[in-house]
Amino acid sequence: MKTYKIACIPGDGIGQEVVPAGEEVLRVLAEHLGSFKFDFETFKWGGDWYRAHGEMMPADGLEALKSKDAILFGSAGDPHIPDHITLWGLRLKICQGFDQYANVRPTKILRGIDAPLKRCESKDLDWIIVRENSEGEYAGVGGRVHQGHPTEVATDVSVLTRVGVERVIRYAFKLAQSRPKKHLTVVTKSNAQRHAMVMWDEIAVQISKEFPTVTWDKELVDAMTARMVNRPSSIDTVVATNLHGDILTDLAAALAGSLGIAPTGNIDPERRYPSMFEPIHGSAFDIMGKGLANPVGTFWSCVMMLDHLGEHQAAITLMNAIESVTENKSLHTRDLGGQATTIDVTQAICSIIKK
Ligand code: ATP
């Protein structure tokens, strides 16, 4: 029987509640289906590790992850540690170390979820946003000089490479081609950013020729926010740079009902390294330890992980169980206006799977 080796990295805050919940659901699912197994290993990296060791994860941490089939990640963020340390020291170290260059975020209004878009039926909002995940505004290029003096200068330089842009736009076209609507929107800002974003646009035209069955359009990132609210059904697959994608996917998650629901895959499409799956939300220290964390974003991330592992039937089974739970308002957590706890939702999903 196939055994998948999964690294679990709960990280900080509610990551420590939702990742064990995801592990439990995956274990129950594998036991129920009986056709594959999971071998989980948990790595307690994050803020507490930083306090004890002065780093968010060990210097050789990537070596320990390299042989895994996939990674289930919670969140990185701690109110007592600067955000750039928690982000660069753990999540980005893994994403960049394993060249997970496509950050893939599906958005749908799940059954039973009351989404804020009043002019929209749930079928109108079914998007998948691909965020470039290895360079752009998050390339880490820049610096500060004359710190604290009136002459201080600070720069963050956005870096786009032809290789980096071609591969993510090609990935997005391929993904669009696999979906029923076969439509891609390329998000840009080439009116104001007149070098790298112009190259981005040119590469989109070039790659589009490889995909004659995909229709596509181009949208400025500011106009895209309005289009997501006003014309959701005109959107199918989207590709955007690292920062644009970051912002648009938070908006997408909120439009679909809650930040607690949305999933992410940090994918290495070439499968040289393990890909990493995580809920879109952060560590949410305000609700940590209270049992209020909505685990649905993690469960949906597990669905993406199963699809990536090639276990498509298991992915469908888990997604159906998730929607049976969201359909039942008594199983909504506080972010959705309900009173259910993380454990209530987890147990409900497990018992639906067992049935
Ligand atoms: P970070 O700094 O790690 O990004 P954050 O606390 O600034 O974390 P998020 O965790 O992304 O930001 O979310 C903002 C707010 O949304 C949280 O403070 C929390 O109240 C709510 N929230 C986020 N995720 C969930 C969830 N899974 N369940 C319930 N509420 C959530």
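For every residue, the table says whether it meets (1) in contact with a helix residue (DSSP H, G or I) (Cβ under 8 Å, 6 or more places away or on another chain); (2) under 27 Å from LEU336 (Cβ atoms); (3) surrounded by fewer than 24 Cβ atoms within 10 Å (Cβ to Cβ).
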{"position": "VAL198", "(1), (2), (3)": "no, no, yes"}
{"position": "VAL205", "(1), (2), (3)": "no, no, yes"}
{"position": "SER208", "(1), (2), (3)": "yes, no, yes"}
{"position": "LEU220", "(1), (2), (3)": "no, no, yes"}
{"position": "ILE235", "(1), (2), (3)": "yes, yes, no"}
{"position": "ILE247", "(1), (2), (3)": "yes, yes, yes"}
{"position": "GLY257", "(1), (2), (3)": "yes, yes, no"}
{"position": "PHE285", "(1), (2), (3)": "no, yes, yes"}
{"position": "THR298", "(1), (2), (3)": "yes, yes, no"}
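Give the residues of region 102-119 that are surrounded by 17 or more Cβ atoms within 10 Å (Cβ to Cβ) and either closer than 20 Å to ALA321 by Cβ or among the acidic types (Asp, Glu) (or both), sorted by residue number. Across region 102-119, the qualifying residues are PRO106, THR107, LYS108, ILE109, LEU110, GLY112, ILE113.
Just so you know, in region 281-312 the residues that are among the small types (Gly, Ala, Ser) and part of a loop (DSSP other than H, G, I, E, B) include one that is farthest from the ligand (Cβ to nearest atom), and it is GLY310. The set of residues in region 268-280 being farther than 15 Å from ILE9 by Cα and either within 16 Å of the ligand (Cβ to nearest atom) or in contact with a Gly (Cβ under 9 Å, 6 or more places away or on another chain) (or both) consists of TYR273 alone. Evaluating GLN339 against the criteria (1) assigned to a helix (DSSP H, G or I); (2) open to solvent by 40 Å² or more (accessible area, probe 1.4 Å); (3) within 15 Å of the ligand (Cβ to nearest atom) leaves one unmet condition, (1).
Can you find a residue that is in a strand (DSSP E or B), within 26 Å of ASP99 (Cα to Cα) and open to solvent by 70 Å² or more (accessible area, probe 1.4 Å) anywhere in region 183-195? Looking for residues that are in a strand (DSSP E or B), within 26 Å of ASP99 (Cα to Cα) and open to solvent by 70 Å² or more (accessible area, probe 1.4 Å), one finds none in region 183-195, hence no. Checking the stated criteria, TRP216 turns out not to satisfy the condition of being of a type in the set (Phe, Trp, Tyr) and open to solvent by less than 10 Å² (accessible area, probe 1.4 Å).
From the list ASP12, ASP39, ASP48, the lone residue that is in contact with a helix residue (DSSP H, G or I) (Cβ under 6 Å, 6 or more places away or on another chain) and either away from the ligand (no atom under 16 Å from the Cβ) or closer than 25 Å to GLY260 by Cα (or both) is ASP12.
The values are calculated or read from the model by the stated rules, or taken from the named source; none is laboratory data. In this text, all values refer to a predicted model and were calculated from it rather than measured experimentally. Every residue, glycine as well, gets a Cβ built from its backbone with ideal geometry; the counts of neighbours run over all protein chains shown. Accessible surface is based on the protein model in full, side chains and every heavy atom, while ligands, DNA and RNA are left aside. Shrake-Rupley method; radii C 1.70, N 1.55, O 1.52, S 1.80 Å.
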